[in-house]
1. How long is the gain from M701 to N622 if the chain were fully straight, where each residue apart is worth 0.36 nm and the alpha carbon distance is subtracted?
2. Residue by residue through the range 505-514, which ³J(HN,Hα) values in whole Hz follow from phi under the Karplus form 6.51 cos²θ - 1.76 cosθ + 1.60 (θ = phi - 60°), with glycine and proline marked x?
3. So if each residue of separation counts as 0.36 nm, and I subtract the Cα-Cα distance between I193 and A484, what length gain in nm does that give?
4. Sort the following peptides by mean Cβ neighbour count (other Cβ atoms within 10 Å, averaged over residues), highest first: 478-484, 506-512.
5. Using modelled backbone amide H atoms (1.01 Å from N, in-plane), which distant-in-sequence or interchain residues come within less than 5 Å of F561's amide H?
6. Kindly report the accessible area of the range 178-322 per residue (heavy atoms of protein chains, probe 1.4 Å, no ligands, DNA or RNA), in Å².
7. Counting only protein heavy atoms, what percent of the accessible surface of the range 393-509 is carbon or sulfur at a 1.4 Å probe?
8. Search the structure for amide H atoms under 5 Å from the amide H of V430, placed 1.01 Å from N in the peptide plane, and list their residues when 5 or more places away or on another chain.
Amino acid sequence: MFDGLRRSRLWTSLARVLLAADAWLDSTLYRAGEDARERYADFSAYMERFRLSGWRRGAVEIACETLTIAIAGGILALALAVPAFRETSDDWLKKQDLAVTFLDRYGREVGRRGIKHDDSVGLDELPESFVAAALATEDRRFYDHFGVDVIGTARALTVNAKADGVVQGGSTITQQLAKNLFLSNKRTIERKIKEAYLALWLEFRLSKKEILKLYFDRAYLGGGAFGVQAAAQFYFGKSARDLTLAESAMLAGLFKAPTKYAPHVNLPAARARAHDVLNNMVDAGYLTEGQIYAALRNPATPVDRAKDASPDWYLDYAYQEVKRLAEDNKLGEERVLTVRTALDLGLQQRAEATIEDQLRQYGPGYKAKQGAMVAMEPNGALRAIVGGRDYGASQFNRATDALRQPGSSFKPFVYLTALLTGKFKPSTIVVDAPICIGNWCPHNYKNTYAGALPLSQALARSLNTVAVRLATAIGDGSPRAGRAKIVENARAMGLTTPLVDTVSLPIGAAEVTVIDMASAYCVFANGGLRAPPFAAVEIANGRGETIYRHDRDGPQPRRLFPEETIATMDSMLLQVVEGGTATRAKLEGIDVAGKTGTTNGYKDAWFVGFTGNYVAAVWYGNDDDTPMEKMTGGSLPAATWREVMAYAHQGIELKALPGGKQPAQGAALAAAPPVAAGAPLRPASLSARSAQTLGDIARAMDEALEQAQKRREDGAAARFSTPEDGRVGARTLAPAPGGG
């Protein structure tokens with residue numbers, strides 16, 4: 001009874017508390033609402049004093065709309081700026097500051113890249129005539145704008161509109177520097193947006209003087225010369241400090257189109273451009289017509305470079321390799337470097353000349369305008385890189401950067417993967433017959449089928465249906481699983497592109513690069529080892545000290561596949577050249593193995609071949625992806641490969657393919673095609689062992705000379721040391737007899 005009474009009182013008390021809380025909440029909300037209404041009424045009454053009408057109201061509304069648009073524009077501008085600023089980094093300037101002198105495999109200087117910090121010409125040391133010529137031609141308002149010249153851009157748009165074409169550019173020097181430092185040469189809206197933002201960023205970070213100095217140091221001025229100092233040395237054989245007015249005008253004219261106006265390529269065009277630059281200087285107020293009269297009457301004459309051949313494709317690749325090593329801290333803090341490369345200059349020139357000759361002679365008939373080639377040793381040492389027909393016309397490197405379908409030259413990766421399963425060998429009978437995967441049905445060249453035949457013959461005849469069937473067999477009935485194993489092996493061998501998995505991947509539908517194909521075929525040539533391509537053999541700093549050696553500091557070869565399997569694969573690839581699709585690549589007395597490749601519509605034609613000494617990949621096609629006139633890999637690519645490799649194998653110690661017989665040493669000269677009268681023969685080369693021995697001897701002699709020099713210096717210091725009392729040492733040098 002008492003427990004029930006307590007509970008009743010407890011519930012009564014709780015109800016009163018809740019009722020009081022509810023009342024408090026209601027009254028509080030009511031008072032808050034009343035206060036808000038009163039304040040809003042007061043605010044409305046106050047704002048009534050600012051009510052506008054007529055033109056004043058219109059002006060305020062326009063201002064508000066303008067503010068809204070400005071905020072939206074600012075948000076958009078920020079969104080567009082983010083991708084541009086991602087191109088920068090904390091050490092953006094440091095990464096660019098490389099001064100590299102390149103030597104070929106024999107130690108001869110072949111070119112330079114980057115800029116020189118130890119003895120570069122300062123901006124104040126450049127002739128005033130050159131600085132004025134550059135500003136008058138490239139950016140007259142350089143000291144007045146903030147990185148983007150709105151007035152200059154508007155003027156350029158007006159002039160171009162009147163001329164119905166691009167007559168005048170609107171990019172400032174700062175924008176051009178931003179492109180040189182961070183961006184590519186692709187003409188896209190995205191690049192122009194990034195260029196503008198990066199120009200603003202540079203103006204914020206650097207002074208006008210620093211921007212102008214960087215621009216003069218980093219600009220490409222043709223002939224493989226980067227920077228004004230390098231260009232002055234290349235074109236006129238003198239320092240930029242000593243440029244005359246006529247020479248300054250000619251150099252300043254190269255900023256716009258260095259390959260078009262390079263004086264060693266087209267002297268009349270260079271002089272015409274210099275004439276325009278001189279007139280620009282008068283228009284800008286830097287000089288009078290009388291002051292440019294002598295320069296107009298006596299234009300600059302460059303040094304004769306007709307016989308010079310700069311391996312620019314190779315140097316571009318080697319420079320990027322050195323930059324990667326610097327970014328990976330393989331070179332320490334050094335920025336002035338001398339790099340001995342694996343370049344064979346004779347082979348490089350022969351490859352360039354052969355591709356140009358083939359395109360000039362046969363290109364019109366085949367409707368082919370471009371070609372590329374990479375030649376290397378089986379250990380990955382790059383001997384030659386040809387990135388296109390003419391470096392002066394286009395610096396785009398088709399050997400290293402262009403993505404092209406390899407066609408049937410991809411099939412060796414399929415056949416190797418099949419051999420590795422243990423289910424196949426060269427004599428295994430396979431069937432060439434129609435096959436479909438879903439609604440995709442591949443066909444052979446000429447749409448014929450061979451029926452049952454050995455695996456080696458299927459590769460020699462480049463049968464598409466067999467490659468597709470092999471992919472299915474590799475995957476134990478699953479084409480997708482089989483293709484995954486093929487891609488895995490191809491990537492391990494050196495293909496770095498995405499290799500998108502499609503049903504047509506086994507017959508070469510995935511895109512690759514020429515250098516990757518050559519690198520991957522090295523595995524066939526060296527017995528199953530992965531040896532990444534490299535250009536830099538040895539790198540020394542500005543003091544001559546060796547700071548990097550590829551054999552010591554670079555990636556070491558590693559085994560991927562058993563040598564016996566590779567030897568079996570090579571025996572099949574030998575048949576491709578001996579009696580298959582690549583008979584035009586034969587070298588007399590030397591075993592040549594390889595594979596041709598032709599894509600649908602004849603858009604790409606390949607031959608990738610190798611001997612015991614060299615691996616080389618050749619590609620022909622068009623930049624705009626237009627079809628050629630029935631060019632196959634066994635035609636021009638195989639013939640080009642033969643001509644270049646016949647030259648490469650002259651005068652060297654021949655090596656056997658994995659599992660093959662040692663070739664006769666006289667075969668190298670027999671393999672060479674007839675030499676035209678007056679054409680240079682390939683000079684005899686040292687064997688790898690001989691070159692290494694001579695290198696060891698040279699290093700030992702250098703060490704001995706350094707030790708002897710140190711002993712002489714120590715002895716001299718001891719003889720002429722100063723005693724503690726400050727007097728000169730006791731030894732006195734007597735005059736020579738009869739002297740006076």
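1. 23.3 nm is the gain from fully extending M701 to N622.
2. 4, x, 10, x, 8, 6, 7, 9, 10, 5
3. Length gained between I193 and A484: 100.8 nm.
4. Top to bottom by mean Cβ count within 10 Å: 506-512, 478-484.
5. none
6. 46
7. 55
8. Residues meeting the criterion, in which the H sits 1.01 Å from N, are L453, L455.
The values are calculated or read from the model by the stated rules, or taken from the named source; none is laboratory data. Remember, it's a predicted structure, so these values are computed and weren't measured experimentally. All Cβ positions, even for glycine, are placed from backbone atoms using ideal geometry, and neighbour counts span all protein chains on display. Heads up: the accessible areas ignore ligands, DNA and RNA and are worked out on the full protein's heavy atoms, side chains in. Shrake-Rupley method; radii C 1.70, N 1.55, O 1.52, S 1.80 Å.
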